[in-house]
Amino acid sequence: MPPLARYWAAACQTDLPNPPTRAGIARNVSHMLAMVDRAVQGYAPFGTVRLVAFPEFANAAPIYATVDELHDRLAVPIPNEHTERYHEKAREHGVYIQTGSFLETDNRYPGMVFNTTCLIGPDGILTRYRKVHPWIPWEVHASPHDIVGYAEDLFPVADTEIGRLGVATCYDWLFPEAIRQLALKGAEVLIRISAYMDPWGATPPMDWWTVVNRCRALENMAYVVAANQGASAAHYPPFSWPGGSMIVDYDGRILSQADPGPGEKIVVGPIDLVALRADRERRVGHHMLAHLRTEAYDYRRSIYPGSLADGSKLTVPGNERAIAQAKKRLAE
């Protein structure tokens, strides 16, 4: 399909049972492929949907406490039969799909499991993003930051016919530095896949979900397409996830948002790259990318040591020890 500078994005939040083994992933994928059909075909009278995003853990959630259990029961390599199905659907509709996250295994990094999402277009997998900031101490996914000699791009950006697309996962978004990396690589549409639970979700008094999405959009002069889990506590106790999936423009305006609360929902909103690029070109004031004084920020001091520093497998107690060490470094 030809380049399209004005189109719609769909943030699709899910409320699916968590598969206990990798054999159950196909059921979730089938459901989400049907949601792609609904988004593209259902909203066709109003706009052309070219980007569809799904939440973190939509394919499978880390329902086991240890790396070994996740590796043995749920982790899959990438590419796989599921990414092939996403590819077929992307080719069918001429869309780009940001998959919900997979628990990924990679023979190059034995004994590790990554929390990974793929951007898949009509021509196949464009980027593979591995969560850089796992939600420690509970998550025992490996961060590529912590792996000595890791040579792949931590923050890939894809240059596509619908703009330059970058993604980061859930807790990553609470680190402005992470999303700024995507913006500095030219990202125009920032995709957030999340399993952002209560009470930090989409309602006052905290409402971190909305505050962070709007702030990352305006400070990076980029659209944000944010798909959050809408899963009830019955599907992933002890947490409930409040949904509130949204589309935000580059000035931090919410263009559309699902009502807060659990449940499957599709929310669509416009992406206007013509307006974005014109504003980035002509704006003098409030151009936070052009005004960035990079030399003023000293991050050469290491704070978080990484949970793999001692060479052992990731565990919750190991994460807690690493956090304690980071706190000591902050006090030095």
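Worth a mention:
- Within the accessible area of the chain (1.4 Å probe), percent carbon and sulfur: 56
- Rounded if a/c under 1.5, otherwise prolate or oblate - the range 207-332, Cα gyration tensor axes: oblate
- Proximal charge balance of S256 [Cβ under 12 Å; K/R count +1, D/E count -1]: 0
- Debye-formula intensities of the chain, expressed as log10 I(q)/I(0) at q = 0.10, 0.16 Å⁻¹, are -0.55, -1.47 (one equal scatterer per alpha-carbon, no solvent).
- Values of log10 I(q)/I(0), in the order q = 0.22 Å⁻¹, for the range 134-208 under a Debye, Cα-only, solvent-free model: -1.10
- Rounded accessible area of R253 (nearest 10 Å², 1.4 Å probe): 130
- Stokes-Einstein translational diffusion, the range 1-94 - Kirkwood Rh over all Cα pairs, 0.692 mPa s, 37 °C, in µm²/s: 223
- Förster radius 41 Å - calculated FRET efficiency between H31 and N107 (Cβ-Cβ, nearest 0.05): 0.90
- Here the contact order of the chain, divided by its residue count and restricted to Cα pairs under 8 Å and six or more residues apart, works out to 19 percent.
- Nearest-10 value in Å² for the accessible area of K185, using the 1.4 Å probe: 90
- For the range 167-246, averaging the sequence separation of C-alpha pairs within contact (under 8 Å, six or more residues apart) and dividing by the residue count gives a relative contact order of 30 percent.
- Length gained when the stretch A290-E152 is fully extended (0.36 nm per residue, less Cα-Cα span): 47.0 nm
- With a 1.4 Å probe rolled over the protein heavy atoms of all chains, the accessible area of H145, H82, H235 falls in the order H145, H235, H82, largest first.
- Most mobile of V40, V316, V224 in a GNM of the chain (Cα contacts under 10 Å): V316
- Per the Cα gyration tensor, the range 210-251 maps to an equivalent ellipsoid with semi-axes of 27, 8, 6 Å, ordered largest to smallest.
- Solvent exposure, largest accessible area first (probe 1.4 Å, DNA, RNA and ligands not counted), of W138, W208, W173: W138, W208, W173
- Cα gyration tensor shape for the range 140-298, rounded if a/c is under 1.5, else prolate or oblate: oblate
- Cα shape, the range 260-332, gyration tensor, a/c 1.5 rule: oblate
- Each of E161 and E69 was given a label point 7 Å from its Cα along the Cα-to-Cβ line. The distance between the two points is 4.5 nm.
- Using a cutoff of 8 angstrom between alpha carbon atoms and counting only pairs six or more residues apart, the relative contact order for the range 3-110 works out to 34 percent.
- Residue order for L190, L308 - accessible surface, 1.4 angstrom probe, largest first: L308, L190
- Couplings for the range 73-84, taken from phi via the Karplus curve 6.51 cos²θ - 1.76 cosθ + 1.60 with θ = phi - 60°, read 10, 10, 6, 9, x, 10, x, 8, 5, 6, 5, 5 Hz in order; Gly and Pro are left as x.
- T203 accessible area, assembled protein chains, probe 1.4 Å, Å²: 60
- What the range 274-321 shows is 75 Å² of accessible area per residue, with the surface traced by a 1.4 Å probe over protein heavy atoms.
- P(r) tail, the range 74-194: Cα-Cα pairs separated by more than 26 Å, 17% of all pairs.
- Structure-based [θ]222 nm, the chain - -39500 (n - 2.57) summed over DSSP H runs of at least 4, per residue, nearest 500: -8000 deg cm²/dmol
- Solvent-accessible heavy-atom area per residue, rounded to whole Å², over the range 52-205 at 1.4 Å: 35
The values are calculated or read from the model by the stated rules, or taken from the named source; none is laboratory data. As the structure is a prediction and not an experimental result, all values here were calculated from the model. We place every Cβ from the backbone using ideal geometry, glycine too, and count neighbours over all the protein chains shown. Quick note on the areas: whole protein, heavy atoms, side chains included, nothing else; ligands and nucleic acids left out. Shrake-Rupley method; radii C 1.70, N 1.55, O 1.52, S 1.80 Å.
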